[in-house]
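Rule-based calculations on the coordinates, nothing more; no lab input. Source: prediction; values computed, not measured. Cβ placement follows ideal geometry from the backbone for every residue including glycine, while neighbour counts extend to all protein chains displayed.
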Amino acid sequence: MSTTPPILAAELAQAWTDIQRHHPELPDLVAPESLIAESSSACGHELTFQRLLHEAAHGIAAARHVRDTSRAGRYHNRRFLAIAEELGLDHPQQPHPSSGFSSATLTPATERRYRPTIERLQYVLKTHLAAMTADTSRIFRGPAARHHPSPAGARVKAICDCGRNVRIVASVLARAPIVCGGCGKLFRVQEPLEETAS
């Protein structure tokens, strides 16, 4: 069974923290891996920021001791919908007969609010998917990888909002957020969005 790549786990944790900035009562995300392993069709298979907000609605419901689903978690009731709307999700007027209001979607205002988070997460998810489907027999990883096949010790560049950066082992960053002493913001993995444009 494969484990969640540290960079993906760190980015999921960062996106969750971004949601918490707007919704402080949202509990901490203990295991980002659980979002990838989740297979409930009622909550959606594909991991996206929309799915993250959906799970955050369940998190807030749990914090408020609100029963937001029934039928073994499949049917999402109006209490779920009310919390989902607080988070910036919307739903058609009528509930689905078996899953209720589970298919709530991002509103345009929510997409604007979280645009940097959405773009960052999409980049990491796209990279993860490419790595999962790549033909590894035709990839050269360089001399370090030949001697150390495990990427657990690979360092990544993490930046904060004030521009400071650190090189850190990705698995360390995945364990818990690291706060910058200069600006008080979290360090996050820097993605090379513009590297191919030359």
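Whole-Hz Karplus values for segment 87-103 come out as 7, x, 9, 10, 9, x, 4, 9, x, 5, x, 9, 10, x, 9, 5, 8 Hz, taken residue by residue from phi with 6.51 cos²θ - 1.76 cosθ + 1.60 and θ = phi - 60°; glycine and proline positions read x. Residues whose amide H falls under 5 Å from that of His96, counting only those 5 or more places apart or on a different chain, are Phe101, Ser102, with hydrogens built in the peptide plane. Amide hydrogen proximity for Lys185: with H placed 1.01 Å from N in the peptide plane, the residues at 5 or more positions away or on another chain lying under 5 Å are Asp161, Cys180. Scalar couplings 3J(HN,Hα) for segment 113-129, obtained by applying the Karplus form with A = 6.51, B = -1.76, C = 1.60 to θ = phi - 60°, are 4, 9, 3, x, 5, 4, 5, 4, 5, 4, 4, 5, 5, 5, 5, 4, 5 Hz; x denotes Gly and Pro. Rounded to whole numbers, the Karplus 3J(HN,Hα) couplings from phi for segment 61-69 are 4, 5, 5, 8, 6, 9, 7, 9, 9 Hz, using 6.51 cos²θ - 1.76 cosθ + 1.60 with θ = phi - 60°, and x at Gly and Pro. A simple packing score, the average count of other Cβ atoms within 10 Å per residue, orders the peptides 52-64, 71-83, 177-189 as 52-64, 71-83, 177-189, with the highest score first.
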